[in-house]
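Have a look at the structure below before the remarks.
The values are calculated or read from the model by the stated rules, or taken from the named source; none is laboratory data. Since this is a predicted model, take the numbers as computed values, not measurements. For neighbour counting, all protein chains shown are included, and Cβ atoms are generated from backbone atoms with ideal geometry for every residue, glycine included.
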Amino acid sequence: MGCTGLAAGITIDTRTVTGDAIAMEDVFGRCSRALYRYFVARTGDAHLADDLMQQLWLQARKSRADIPESQYEFWLRGIAKNLIRSHWRRRARRPANVPLANPELAKALADQMIQGEAPAEMLEQQETRDQLLLAITELDSEEQQLIVEHYFHGCSHADLAECTGLSPRAVEGRLYRARQALREKLKHLVE
């Protein structure tokens, strides 16, 4: 089983840009799936997510200032959060199908994950799955991708190691840290 897009992203023509612009575009390409997932989770609409991705790209291209390369993803996530807030402010209300954070349920789910695996009946509930999705999309792109590939697409540690160029042991360690980060995001999930 191969990985379904660990290195995939948006292809960007870099013939006309140099230096910092190329670095920002590389980061954008690497974390574009995570950002897209973030938009879909908060809007429930793939077409709107596409539009928001374009707005994100345009704002990032226009306003990149003296941001260190190590901070690009964090900066892009801040722009994405502002785009979502602006979108819902303009609309004046959210449709019923868009999940909202439920801090009590998210904390209960995090507590279950600390004690072991969450019970299957809990995971079958749509509201629980919504809270997981909201928390997963708060993770950085690497953590998010590891969790999605391993738990949703069934990639083994060996498959992930092959795709990432890491050892299976390193993948196991990163997955452990990603699960820890997910628990923390669940504990502090607020919209």
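Is it the case that Ala96 is within 19 Å of Arg42 (Cα to Cα) and either modelled with pLDDT under 85 or not in a helix (DSSP H, G or I) (or both)? Yes. Between Cys155, Cys163, the distinction of being modelled with pLDDT of 85 or more, under 28 Å from Tyr72 (Cβ atoms) and part of a loop (DSSP other than H, G, I, E, B) belongs to Cys155 only.
Cβ-Cβ distances below 7 Å connect the following pairs, each with a first residue in the range 12-37 that is closer than 22 Å to Gln145 by Cβ and in the same structural domain as Asp50 (by TED's automatic domain parsing), a second residue that is among the β-branched types (Val, Ile, Thr) and modelled with pLDDT of 80 or more, and a separation of six or more residues or different chains: Arg37/Thr137. State whether the residues of the range 170-182 include one that is of a type in the set (Ser, Thr, Tyr), buried (at least 17 other Cβ atoms within 10 Å of the Cβ) and outside the structural domain of Val27 (by TED's automatic domain parsing). No: zero hits. If the condition is being of a type in the set (Val, Ile, Thr) and either within 15 Å of the chain's Cα centre (by Cα) or within 30 Å of Pro103 (Cβ to Cβ) (or both), then the range 147-191 contributes Ile147, Val148, Val190. Contact map, the range 75-94: residues that are in the same structural domain as Met53 (by TED's automatic domain parsing) paired with residues that are polar (S, T, N, Q), Cβ distance under 7 Å, separation 6+ or inter-chain. Pairs shown: Ile79/Gln59; Leu83/Gln55.
Of all residues in the range 30-87, those satisfying the criterion of being in contact with a helix residue (DSSP H, G or I) (Cβ under 6 Å, 6 or more places away or on another chain) and not in a helix (DSSP H, G or I) are Arg64, Ile67.
Consider the range 135-165 and keep the residues that are among the aliphatic types (A, V, I, L, M) and out of contact with any Leu (no Cβ under 6 Å at 6 or more places or on another chain). The one that is nearest to Leu105 (Cα to Cα) is Ile136.
So, Arg85, is that one surrounded by fewer than 14 Cβ atoms within 10 Å (Cβ to Cβ) and under 20 Å from Leu139 (Cα atoms) or not?
It is true that Arg85 is surrounded by fewer than 14 Cβ atoms within 10 Å (Cβ to Cβ) and under 20 Å from Leu139 (Cα atoms).
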